[in-house]
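The values are calculated or read from the model by the stated rules, or taken from the named source; none is laboratory data. These numbers were taken from a predicted model, which means no experiment stands behind them. Because the Cβ atoms are built from the backbone with ideal geometry, glycine has one as well, and the counts that use them run over all protein chains shown.
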Amino acid sequence: MKKIGLTLLTAFVGGAMALGVYKVIENKYADNMSLEDKQKVYFASNHSVNPSTTAMVSSAGSVDFTQAAAEVTPAVVYIRTTYASKSEDSQDQFEQMFGQMFGQRMRPRGPQMASGSGVIISPDGYIVTNNHVVEKAEKITIVTNDHRSFLAKVIGTDPNTDLALIKIEATNLPIVKLGNSDAVRVGEWVLAVGNPFKLNSTVTAGIVSAKGRNLGIVGRGNDDEDSPFPVRQQEPSLKKGIESFIQTDAAINPGNSGGALVNTAGELIGINAAIASHTGSYEGYGFAIPVNLAKKVLNDIKKFGSVKRGYIGISFADLSDAEVAQSIKTDKTNGLYINSLIPGGGAQQAGLQTGDIITKVEGNTVYESSDLQERVGRLQPGDKINLTVLRGGSEKNFTVTLKADAPAPKAAAVSKSASELFNKLGASFQPLSQAQKAKFKVNSGVMVTQVRPGGIFDDTEIPVGSIITSINKQPISSVADMDKVITNLRNGRLIITGYYPDGGSFSNVFEVQ
């Protein structure tokens with residue numbers, strides 16, 4: 001009996017020591033961990049996760065959603081955003097003076113507000129939502145499932161995928177486990193969790209209706225009007241969106257944007273983003289961004305401040321469109337016809353040619369453009385991708401090394417104190433390297449890594465790559481320095497001094513409300 005007791009005591013002490021060391025390592029390296037690594041730490045050390053969820057059946061074998069709903073709901077948040085009121089033009093002033101006289105209903109004045117949903121994916125406060133939920137917001141308020149309220153900062157956004165990563169200052173938050181959207185099957189049961197019509201923590205159920213939907217609603221770009229093909233698509237650029245939506249008939253309504261689409265095991269498989277409707281409300285068609293694409297985008301934003309996107313270097317036409325196939329006189333009904341190559345791009349260097357038809361990516365059949373774009377969207381510049389093309393009646397395999405569109409420096413974390421004004425700046429930053437300091441001949445500064453629409457930097461045309469050396473005549477070497485300055489403004493005035501990417505200097509004065 002004593003031996004058994006001694007054995008149990010030894011095991012308990014050993015386990016406690018291991019957990020203590022684990023926690024020390026976790027805290028020490030937390031800032032440099034990817035979001036997926038943070039999740040592994042959370043689920044390895046948090047014993048509150050219900051073990052029975054691992055036994056759930058992902059398809060029609062389980063119709064009891066109570067376990068999954070209980071796991072996910074605490075980690076889905078309500079997002080309330082505030083926007084500055086638009087400046088009044090002469091028509092607005094006329095309306096304000098005479099509108100009531102003629103019985104005309106007045107438009108509301110003052111700050112505008114909107115709402116949406118978000119999903120906590122890291123216990124230290126990282127939240128994923130849609131770009132369109134937080135775009136141009138000056139103030140972002142997060143309300144958790146247990147009714148706590150926080151101000152959030154925008155770490156970065158990606159209009160190309162309609163994703164955004166924001167953060168609140170909190171610890172030990174419940175999170176949703178990241179799943180595998182590649183393993184999702186049509187007909188599988190899913191839950192949509194969010195805050196439609198400001199109805200907090202709403203859960204709806206349905207099935208996966210389809211995968212790989214390309215709706216043409218994200219990052220609409222300017223296609224070449226002189227193209228010989230009725231439908232001409234290009235690789236995603238800064239003006240093109242990456243779409244490969246998971247379609248579901250789980251009820252999704254306004255306010256669900258940025259919320260969770262999960263399987264019956266409570267794993268996040270998509271971020272709810274859009275509905276197809278004639279009325280603006282649910283009509284049976286909802287769409288979510290696959291989580292495997294979101295993982296790459298969010299980790300890039302956390303690590304670099306913006307997305308490092310790789311490109312094959314082609315323009316193509318989608319043969320799933322019958323008119324396109326007819327215009328190039330082919331009987332192929334799927335695949336992508338290469339109509340041009342970017343000089344020096346990865347495709348040209350790998351040996352692809354104009355007129356090739358891409359039939360497979362990584363051995364998987366390409367039925368339409370989303371099959372290629374979503375796969376490429378997960379990769380970094382320098383990564384390799386295997387393509388199979390049809391040329392001269394036979395298939396050939398090529399390995400393409402993706403090329404970078406533009407460098408994306410690493411972003412820095414910021415404190416909670418300046419959340420609202422930081423969002424109003426509408427930019428992301430990182431400290432300067434020694435080489436950058438030498439190039440611009442400065443001793444301190446931060447580089448602008450992202451400029452978001454509607455912010456101060458966007459309005460004053462301070463571009464990505466600019467250097468901020470001082471704010472209100474105080475030297476700036478980090479985002480923490482910016483926090484200290486912008487939270488102690490005098491007379492609401494902000495003086496930002498620095499250099500444009502070409503070396504030209506600027507000193508802009510802003511009146512901050």
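Could you please let me know if THR204 is outside the structural domain of ASP318 (by TED's automatic domain parsing) and buried (at least 17 other Cβ atoms within 10 Å of the Cβ)?
yes
Yes or no, residue by residue, for (1) modelled with pLDDT of 85 or more; (2) crowded, with 19+ Cβ neighbours inside 10 Å; (3) outside the structural domain of ASP356 (by TED's automatic domain parsing):
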| position | (1), (2), (3) |
| --- | --- |
| PRO409 | no, yes, yes |
| ILE462 | yes, yes, yes |
| SER466 | yes, yes, yes |
| ILE496 | yes, yes, yes |
| PRO501 | yes, no, yes |
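Considering only residues that are among the aliphatic types (A, V, I, L, M) and under 22 Å from ASP356 (Cα atoms), look in region 369-408 and name the one that is farthest from the chain's Cα centre (by Cα).
Taking the candidates together, the pick is LEU390.
Checking GLY216 against (1) modelled with pLDDT of 90 or more; (2) not in a strand (DSSP E or B), which test does it fail?
(1)
Residues of region 432-453 being part of a loop (DSSP other than H, G, I, E, B) and either farther than 25 Å from ASN160 by Cα or touching a Phe, Trp or Tyr at 6+ places or on another chain (Cβ under 8 Å) (or both), which ones?
Passing the criteria: LEU432, SER433, LYS441, VAL442, ASN443, SER444, GLY445.
Here is a check on your reading of the model: is ALA294 out of contact with any Cys (no Cβ under 6 Å at 6 or more places or on another chain), hydrophobic (A, V, I, L, M, F, W, C) and over 24 Å from GLN380 (Cα atoms)?
Criteria not met by ALA294.
Does TYR78 qualify as being on the phi < 0 side of the Ramachandran plot, modelled with pLDDT of 90 or more, of a type in the set (Phe, Trp, Tyr) and assigned by TED's automatic domain parsing to the domain that holds THR202?
For TYR78, the condition - on the phi < 0 side of the Ramachandran plot, modelled with pLDDT of 90 or more, of a type in the set (Phe, Trp, Tyr) and assigned by TED's automatic domain parsing to the domain that holds THR202 - is met.
Could you list, in sequence order, the residues of region 424-447 that are in contact with a Pro (Cβ under 7 Å, 6 or more places away or on another chain) and either free of Cβ contacts under 8 Å to residues at least 24 places away in the same chain or surrounded by 23 or more Cβ atoms within 10 Å (Cβ to Cβ) (or both)?
VAL446, MET447
Restricting attention to region 329-385, report how many residues are in a loop (DSSP other than H, G, I, E, B) and among the small types (Gly, Ala, Ser).
Residues in region 329-385 being in a loop (DSSP other than H, G, I, E, B) and among the small types (Gly, Ala, Ser): 7 in total.
For region 477-494, check the following and say yes or no: at least one residue is at pLDDT 85 or above and crowded, with 19+ Cβ neighbours inside 10 Å.
There is no residue in region 477-494 that is at pLDDT 85 or above and crowded, with 19+ Cβ neighbours inside 10 Å.
Could you tell me how many of the residues in region 314-328 are in a loop (DSSP other than H, G, I, E, B) and surrounded by fewer than 22 Cβ atoms within 10 Å (Cβ to Cβ)?
3
In the list LYS302, LYS332, which residue meets the criterion of being within 24 Å of LEU163 (Cβ to Cβ), of a type in the set (D, E, K, R) and touching a Leu at 6+ places or on another chain (Cβ under 8 Å)?
LYS302
Working carefully through the options GLN348, GLN353, GLN326, find the one that is touching a Lys or Arg at 6+ places or on another chain (Cβ under 8 Å) and without any contact (Cβ under 8 Å) to a residue 40 or more places away in the chain.
After ruling out the rest, the residue left standing is GLN353.
Exactly one of (1) in contact with a strand residue (DSSP E or B) (Cβ under 9 Å, 6 or more places away or on another chain); (2) over 28 Å from PHE429 (Cα atoms); (3) touching a residue at least 12 places away in the same chain (Cβ under 8 Å) is unmet by GLY280. Its number?
(1)
Of everything in region 361-390 that's surrounded by fewer than 21 Cβ atoms within 10 Å (Cβ to Cβ), among the acidic types (Asp, Glu) and out of contact with any helix residue (DSSP H, G or I) (no Cβ under 8 Å at 6 or more places or on another chain), which residue is farthest from ALA183 (Cα to Cα)?
Among them, the one singled out is ASP383.
Give me the pairs: first residue in region 122-143 and more than 23 Å from LYS177 (Cβ to Cβ) and in contact (Cβ under 8 Å) with a residue 12 or more places away in the chain, second residue surrounded by fewer than 21 Cβ atoms within 10 Å (Cβ to Cβ) and of a type in the set (D, E, K, R), beta-carbon distance under 9 Å, and six or more apart or on different chains, which are they?
LYS136/ASP458; GLU138/GLU420; LYS139/ARG80; LYS139/GLU420; ILE140/ARG80; ILE140/GLU420; THR141/ARG80
Looking at region 146-154, is at least one residue touching a residue at least 24 places away in the same chain (Cβ under 8 Å), crowded, with 21+ Cβ neighbours inside 10 Å, of a type in the set (Gly, Ala, Ser) and closer than 30 Å to ALA480 by Cβ?
Yes, some residue in region 146-154 is touching a residue at least 24 places away in the same chain (Cβ under 8 Å), crowded, with 21+ Cβ neighbours inside 10 Å, of a type in the set (Gly, Ala, Ser) and closer than 30 Å to ALA480 by Cβ.
If only one of ALA325, ALA350 is touching a Ser or Thr at 6+ places or on another chain (Cβ under 9 Å), modelled with pLDDT under 80 and among the aliphatic types (A, V, I, L, M), which one is it?
None of the others qualify; the one that does is ALA325.
Somewhere in region 310-321, is a residue farther than 17 Å from THR161 by Cα and free of Cβ contacts under 8 Å to residues at least 24 places away in the same chain?
Within region 310-321, not a single residue is farther than 17 Å from THR161 by Cα and free of Cβ contacts under 8 Å to residues at least 24 places away in the same chain.
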